[in-house]
Amino acid sequence: MRRLPLFGQMGKMTWRMLASVLGSQALVILLGALLARGTAIAQGDDNSGTLLWAGCALAVLAFVAAGLLRGPLGLPLGWLVQLLTWLSAFLVPAMIGVGLIFTGLWVLCLIKGREVDAMMAARARDAETAR
């Protein structure tokens with residue numbers, strides 16, 4: 001297996017798959033932010049608003065990263081979203097499950113998306129030589 005890319009521009013299918021992962025992850029992160037706020041309020045903590053805004057900022061970062069995946073900045077931002085999702089588990093332990101699922105999907109889409117892009121490029125070359 002080749003190493004996973006941390007930066008650079010992805011093929012069309014790869015960035016589409018990764019964008020769908022980040023978009024879905026952003027929605028789940030928003031729900032996690034609401035959970036963090038509700039838990040903080042129930043425990044009488046004063047930082048409930050801060051937790052909500054931090055979660056919303058992470059969700060917005062995920063949406064922005066999904067939009068930027070066509071260019072070279074999207075992939076590093078996507079990895080940053082994965083890292084910050086794992087770090088948010090210190091505040092909301094349920095985010096461990098979110099991190100497991102979405103980081104797994106992220107890696108799977110990176111691997112399979114690159115394979116599909118390579119197959120599509122080979123198919124296009126074959127069609128070009130058949131003319």
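The values are calculated or read from the model by the stated rules, or taken from the named source; none is laboratory data. Fair warning: this is a prediction, and the values are worked out from it, not measured in the lab. Neighbour counts are summed over all protein chains in view; Cβ atoms, including those assigned to glycine, are modelled from backbone coordinates with ideal geometry. The accessibility values were calculated without ligands, DNA or RNA, using every heavy atom of the protein model including side chains. Shrake-Rupley method; radii C 1.70, N 1.55, O 1.52, S 1.80 Å.
Using only the alpha-carbon atoms of the range 1-122 as identical scatterers, what base-10 log of I(q)/I(0) does the Debye formula give at q = 0.11, 0.15, 0.16 Å⁻¹?
These q points yield log10 I(q)/I(0) values of -0.39, -0.65, -0.71.
In Å², and per residue, what accessible area does the chain have when probed at 1.4 Å with the other protein chains present? Could the numbers behind the result be given before it?
On the way: 7910 Å² over 131 residues.
Computed with neighbouring chains in place, this is 60 Å² per residue.
Tell me, what HN-Hα J-couplings in whole Hz come from the Karplus equation 6.51 cos²θ - 1.76 cosθ + 1.60 at θ = phi - 60° for each residue of the range 58-73, using x for Gly and Pro?
So the J values, rounded to whole Hz, are 5, 5, 5, 4, 5, 5, 5, 4, 4, x, 8, 5, 5, x, x, 7.
So for the chain, taking the charge dipole from beta-carbon charges (+1 Lys/Arg, -1 Asp/Glu), which of Ile96, Val64, Ala42 sits furthest toward the positive end?
Selected residue: Val64.
Through the Karplus equation 6.51 cos²θ - 1.76 cosθ + 1.60, θ set to phi - 60°, convert the phi angles of the range 46-54 into ³J(HN,Hα) values in whole Hz; use x for Gly and Pro.
8, 9, 5, x, 5, 5, 4, 5, 5
Would you work out what percent of the accessible area of the range 1-72, with all protein chains in place, is carbon or sulfur (probe 1.4 Å)? Before the final figure, lay out each step's value.
Values: 2790 of 4270 Å².
About 65 percent, which is the carbon plus sulfur part of the accessible surface.
Using the Karplus curve 6.51 cos²θ - 1.76 cosθ + 1.60 with θ = phi - 60°, what ³J(HN,Hα) values do you get for each residue of the range 22-34, in whole Hz, with x for Gly and Pro?
5, x, 5, 5, 4, 5, 5, 5, 4, 5, x, 5, 5
With just the Cα atoms defining each centre, how far is the range 78-131 from the range 19-76? Give it in Å.
18 Å
Picking from Met17, Met120, Met95, which is most flexible by a Gaussian network model of the chain using Cα springs under 10 Å?
In this elastic network of the chain, the residue with the biggest mean-square fluctuation among Met17, Met120, Met95 is Met120.
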